[in-house]
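The structure under discussion appears below in the form of C-alpha cells.
A short reminder: the numbers here are calculations on the coordinates, not readings from a lab. Here the structure is a predicted model, which means the values were calculated and not measured. Positions of Cβ are generated from backbone atoms using ideal geometry, with glycine treated the same way; all protein chains shown enter the neighbour counts.
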C-alpha cells in the first residue's frame, strides 16, 4: 500500500540496517502489517475476520502437521489410529479436537468475512481481484475440509466420500470414469484414503500461498471501510500497527474464548456420532449429512428432484451446487451500483438480510432429512438464492436511490465540525 | 571473434532475413515443440497413476454359491468392494415386474433385459443406489422394501420395484446389473 504519507521503515540498530540491505524482510513486514501500512481509521469489528481466518489457517496447519505424525492413512488402521490419538497419544485428544473444531471455526470466521464483503461491497472495483482470489481460497478450503473429514474412516467419512465423489458420476458420458479415476477404484478404499491424506496435507500450504496473493492484492488499493468512501487524506487513515494489531488482538481474544469453549466443553457438538462407527461399505447410515458448513450447498444439491428438458435431476443438482459458489466469481459485475457500502443502500440492505436468512434456511434444510417440508423449502430458498444474484442485484443497482455519502472517512467519524474539516494532505 | 559473431547470427543480417522466416525460427519452433511434447508426456504417468491399480482390478470378480437362497430371500455380497444384491424372486414378484408397461418407466427395461434367459427368478444387481451411491434397503429380513416391493434407499427416498427398476425418487437409473454368468446351477460368477 502506498499512500504517500505511509511511515517509512527506518532501522536504527546496525544489525537491522545490515539485514535491510541484504534481505529487506523486516521492511516487508513493516509495510504489510506494521506501522508502514495506513488503514482507514473507521474499520469496525466486522473487519477482524480476515486476520482471524489467517489465525485459523495457522491453527489448522500446526495441529494438522502434528496429527499427521500419529495418524496412518490405511483403511485397516486409519480408524484405530484416530482412536489411538484420542486415547494414547499425549494430549492427542486436545490436538484432534482443536483440529476438528478448528475446521468449523475456520468456516465460521470465513462466512463472516464473506458476508462482510457482501454487505460493504468489498468486491467492487478496484478490489475485484481480492474478491476473486478469496472465492478461490474458499473453494480450496471446501476441498481440504472434505478430504480431511474422510481421514478418520468412520461411517460418515466413508459415505461422505462416496456421495461427494458420486457427484462427479452425474457428468454425462465421462462421469463414471472420472469418479473411478478420482477414487482409484470403484468405491472409496485404500487408494482413495491415501491420496486424500496426501492432498489434505498439501492443500493448506496451497491455501497459504493463495492467501499471500489475497493480501498482496489487498495492499494495492488498501482496505475498504464501512462508508465505502475511498481514502482521500492522511486523517482518513491510521497505521496498521499499533491501531489494528491492537484491535485484531482484542478480536482474537474474543474468538479464542468461543473456540476454546467448543474444544473443551462441546468438542463433538458439531460432529456426527456415526463417525465413531468404523467405515462399513455394506451398510449406509440412515441419514447421511455433510459437516454443517456444507449444509447450504447440500440443500441446493438436493433441491432438484425433477428432470428438466433432457437433463436428469441429479446432474441439475450438481450443476446448481457448483454454480451457487461459482456465481460469486461474477459478483463484481452483477452489482453495478457505484455505492459500495450497504449502509447507504436502503433497498440493497433489505435484500442483503434476506439473503442471510435464505442461506440460513438452506443450511437448516441441508442438515435435515430429505423429506417434506424440507424439500419444498429448500427449493424455494435455492430459487431465491440464484434470483438474488442474477435478478435482484442487477435490478436494485439500477433503480435504487442511494443515501448521500459522507465527503470523507474523517467526516463520517468526526462529523462536520472544525476537527473534521482538516485540509487535505496535499 | 568477429567471425564467430557473424557465424552465430547469420539470419539477422543475412540476405534471407527479408522473407520473414529465419533458420533460427525453425530451431525455436522445433526446440519448444519437443520440450512441450516432452512436458506433456510427463503428464501421462502422473494422470494414470490415479486410475485403479492392478491389485484393485484383480479383485474384480467374485464367485457366489447361491444354492441356499429360497424364493423371496436375498443376500448381499461384495463385488469390487461394493455391495451386490442376489435376490431369488417369488412367482408373484416376477408377475408384478412383468405387469408394468416398460414404456412407462423412467429407465425402460423389462425383467427379461435384467436377468439371464431361463433364470429370471435370479435378480442380480449392484446394491448401489444410482442417485448418490447409498446401499438401498430390502435384502435383509424385515427391511423396508418400499411401496413397489423391491428396494428402498433411505438416503433420498428412491424406490425400486421387484426388478430393481427405479420407480420413484431422485435416482435416474435402475440398479445396475453387473456382468455375471452361472458356472453351474448354484454357482454364479460376478465380473
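Based on the Kirkwood radius over alpha-carbon pairs, what is the Stokes-Einstein translational diffusion coefficient of the stretch A:197-330 at 10 °C with 1.306 mPa s viscosity, in µm²/s?
Translational diffusion coefficient: 78 µm²/s.
Put one equal scatterer on each alpha carbon of the stretch B:31-78, apply the Debye formula with no solvent term, and list log10 I(q)/I(0) at q = 0.20, 0.24, 0.28, 0.31 1/Å to two decimals.
For the stretch B:31-78 at q = 0.20, 0.24, 0.28, 0.31 Å⁻¹, log10 I(q)/I(0) is -0.81, -0.91, -1.02, -1.09.
Quote the relative contact order of the stretch A:1-59 in percent (integer), defining contacts as alpha-carbon pairs under 8 Å separated by 6+ residues.
39
In degrees between 0 and 90, to the nearest 10, how far off the longest principal axis of chain A does helix A:245-265 point, with axes built from Cα atoms?
20
Under 10 Å, Cα contacts only: if you run a Gaussian network model on chain B, which one of B:113, B:65, B:55 comes out with the highest mean-square fluctuation?
Evaluated over chain B, the most mobile residue of the options is B:55.
How high is the relative contact order of the stretch A:289-403, given as a whole-number percent (alpha carbon pairs under 8 Å, six or more residues apart)?
41
Determine, from the Cβ-Cβ distance of residue B:147 and residue A:327 and an R0 of 45 Å, the FRET efficiency 1/(1 + (r/R0)^6), rounded to the nearest 0.05.
With R0 = 45 Å, the Cβ-Cβ based efficiency is 0.75.
With no solvent and one point on each alpha carbon, what is the Debye value of log10 I(q)/I(0) for the stretch B:56-190 at q = 0.20 Å⁻¹?
With one equal scatterer per Cα and no solvent, log10 I(q)/I(0) is -1.21.
Determine how many Å³ per residue the convex hull of the Cα atoms of the stretch A:258-355 encloses.
197
By how many degrees, between 0 and 90 and to the nearest 10, does the Cα long axis of helix B:23-48 differ from the longest principal axis of chain B?
Helix B:23-48 and the main axis of chain B meet at about 20 degrees.
Please average, across the residues of A:177-187, the number of beta carbons from any other chain that are within 10 Å of each residue's own beta carbon, and give a whole number.
5
Could you tell me how many degrees, from 0 to 90 and to the nearest 10, lie between the Cα long axis of helix A:78-87 and the main elongation axis, the longest principal axis, of the Cα atoms of chain A?
60
Could you let me know the centre-to-centre spacing of the stretch A:145-159 and the stretch A:1-32, using Cα atoms, in angstrom?
That distance is 46 Å.
To the nearest whole percent, what portion of all C-alpha pairs in the stretch A:181-220 is separated by more than 17 angstrom?
In whole percent, the share of Cα-Cα pairs in the stretch A:181-220 beyond 17 Å is 49.
Could you work out, residue by residue across A:278-289, how many beta carbons of other chains sit within 10 Å of that residue's beta carbon, and then give the average as an integer?
For this peptide, the per-residue mean of nearby foreign Cβ atoms is 4.
In nm, to one decimal, how far is the modelled label at residue A:414 from the one at residue A:171, with both set 7 Å along Cα→Cβ?
In this crude label model, residue A:414 to residue A:171 measures out at 5.8 nm.
Given 20 °C and 1.002 mPa s, how large is the Stokes-Einstein diffusion coefficient of the stretch A:289-403 in µm²/s, with Rh as the Kirkwood radius over Cα pairs?
In µm²/s, the coefficient is 143.
Which semi-axis lengths, in whole Å and largest first, follow from the square roots of five times the eigenvalues of the Cα gyration tensor of the stretch A:93-214?
Here the semi-axes work out to 29, 20, 13 Å.
Please find the FRET efficiency linking residue B:184 to residue B:76, where r is the Cβ-Cβ separation and R0 is fixed at 25 Å, and quote it to the nearest 0.05.
My answer for the efficiency is 0.70.
Report Rg (one decimal) and Dmax (nearest whole number) for the protein assembly as shown, counting Cα atoms only, units Å.
Rg and Dmax of the protein assembly as shown, Cα atoms, are 30.6, 100 Å.
Taking the alpha-carbon centroid of each part, what is the distance from the stretch A:162-226 to the stretch A:285-337 in angstrom?
17
Sort A:168-177, A:375-384 for me by packing, meaning the mean count of neighbouring Cβ atoms within 10 Å per residue, highest on top.
A:375-384, A:168-177
Which ordering of A:231, B:37, A:77 is given by a fewest-first count of other beta-carbon atoms within 10 Å?
B:37, A:77, A:231
Counting alpha carbon pairs within less than 8 Å and at least 6 residues apart, what relative contact order, in whole percent, applies to chain A?
Relative contact order for chain A comes out at 22 percent.
Once you average over the residues of A:311-317, how many Cβ atoms of partner chains fall within 10 Å of each Cβ?
Counting Cβ atoms of other protein chains within 10 Å of each residue's Cβ and averaging gives 3.
Need one number: nm distance between label points at residue A:69 and residue A:387, each 7 Å from Cα along Cα→Cβ, rounded to one decimal.
In this crude spin-label approximation the distance works out to 5.5 nm.
FRET efficiency for residue A:62 and residue A:83, Cβ-Cβ distance as r, R0 = 25 Å, nearest 0.05?
According to the calculation, E is roughly 0.70.
Between residue B:110 and residue A:306, how many nm apart are label points set 7 Å from Cα along the C-beta direction?
3.2
P(r) tail for the stretch A:369-418, what percent of Cα pairs lie past 18 Å?
62
Considering only A:178, A:311, A:137, give the residue with the highest GNM mean-square fluctuation for chain A, with springs between Cα atoms whenever their separation is below 10 Å.
Among A:178, A:311, A:137, the largest mean-square fluctuation in the Gaussian network model of chain A belongs to A:311.
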